[in-house]
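The values are calculated or read from the model by the stated rules, or taken from the named source; none is laboratory data. All figures in this text were calculated on a predicted structure; none of them were measured in a lab. Neighbour counts run over all protein chains shown; Cβ positions are idealised from the backbone, glycine included. For accessibility, only protein heavy atoms count, side chains too; no ligands or nucleic acids. Shrake-Rupley method; radii C 1.70, N 1.55, O 1.52, S 1.80 Å.
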Amino acid sequence: MSKMTLQTEGDSCLVVMRRFAASPEAVYRAHTDPELIKKWLLGPDGWSMPVCINEARPGGKIRYEWTNGKGHGFYLTGEYLELNPYHRIVHVERMFLPDPTPDNHAETTFEPDGEGTLMTIRMTLPDEQTRASMLASGMEHGMEASYARLEGLL
Amino acid sequence: METLDAKFAALADPTRRAILARLSQGEATVNELADPFEMSQPAISQHLKVLEDAGLIIRRVEGTKRPRRLAGTGIEAMNEWLAMLGATMEKNYDRLDEVLADMNEHKQSKQNKKGEMR
């Protein structure tokens, strides 16, 4: 059974839910502390994040740069809009592949769930066309990542 | 990628999603599709054209009729994309599980040390 769910909601939302066996405080910190982020937000095997800027305050900047160590890489920039420590984060981000994807507005909540945490990410896109192009460019990236992983296997 | 754009744009309309839902039960003619939606044939035909251009449905010729059916590959391409996004996130979160376990261990060993010092 998969622990994570990903579903579309209405015309312009993607909702991801995932449970963690840790406190909301720990899960929140793992999303806002660069030293922790670099350990897990990496995508397919073989990728690393040499640059991780995460200024966890309203108006603070986000910049992640990934590389597969074989000359392939891409980056993401973003800004924090709201932060309620250990409970909720609202931020906007876009990927550069190398052209920028449309802004993705995301609200992430961390709710106590028994001994652990239920994290919900609700990504809202301004309009259907924007979602379409984000999904399209995401697919390009996803495929490239899959090819990169395949390279690793060969 | 243009076709994928077209697919998502086509799917953003509730009537077109309803048409796809109807076609998922089997082939249907324009007349059969127009009835339940209480729409004129030209209006339905316009929606069908968008769906066809996006590669989501296929038209068959049968005498004077032009029944439509789902094009499996169009829906599959999008499901594939969602599956890929999901797989990448799952992998990240499996790693995060380990990071969280380490954080907890670290915290506990710190607490133990504090206890020893007392």
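Before moving on, here are some points about what is shown:
- Residue within the range A:74-84 that is at pLDDT 95 or above, hydroxyl-bearing (Ser, Thr, Tyr) and open to solvent by less than 20 Å² (accessible area, probe 1.4 Å) present: yes
- With respect to the conditions (1) within 13 Å of chain B (Cβ to nearest Cβ); (2) more than 25 Å from residue A:118 (Cβ to Cβ), residue A:36 lacks only one, and its number is (2).
- The range B:9-31: number of residues that are open to solvent by 50 Å² or more (accessible area, probe 1.4 Å) and free of Cβ contacts under 8 Å to residues at least 24 places away in the same chain: 6
- Some residue of the range A:122-139 being modelled with pLDDT of 80 or more and surrounded by fewer than 18 Cβ atoms within 10 Å (Cβ to Cβ): yes
- Cross-chain or 6+ apart pairs with Cβ under 8 Å, the range B:83-106 first and within 14 Å of residue A:119 (Cβ to Cβ), then open to solvent by 50 Å² or more (accessible area, probe 1.4 Å): B:90/A:2; B:90/A:3; B:93/A:3; B:97/A:21; B:99/A:39; B:100/A:21
- Test: residue in the range A:41-49 that is surrounded by 17 or more Cβ atoms within 10 Å (Cβ to Cβ), within 9 Å of chain B (Cβ to nearest Cβ), in contact with a helix residue (DSSP H, G or I) (Cβ under 6 Å, 6 or more places away or on another chain) and closer than 20 Å to residue B:107 by Cβ: no
- Residue check, residue A:71 surrounded by fewer than 17 Cβ atoms within 10 Å (Cβ to Cβ), without any contact (Cβ under 8 Å) to a residue 12 or more places away in the chain and closer than 19 Å to residue A:124 by Cα: no
- Residue in the range A:59-67 that is open to solvent by 20 Å² or more (accessible area, probe 1.4 Å), within 19 Å of residue B:87 (Cα to Cα) and either more than 10 Å from chain B (Cβ to nearest Cβ) or without any contact (Cβ under 8 Å) to a residue 40 or more places away in the chain (or both) present: yes
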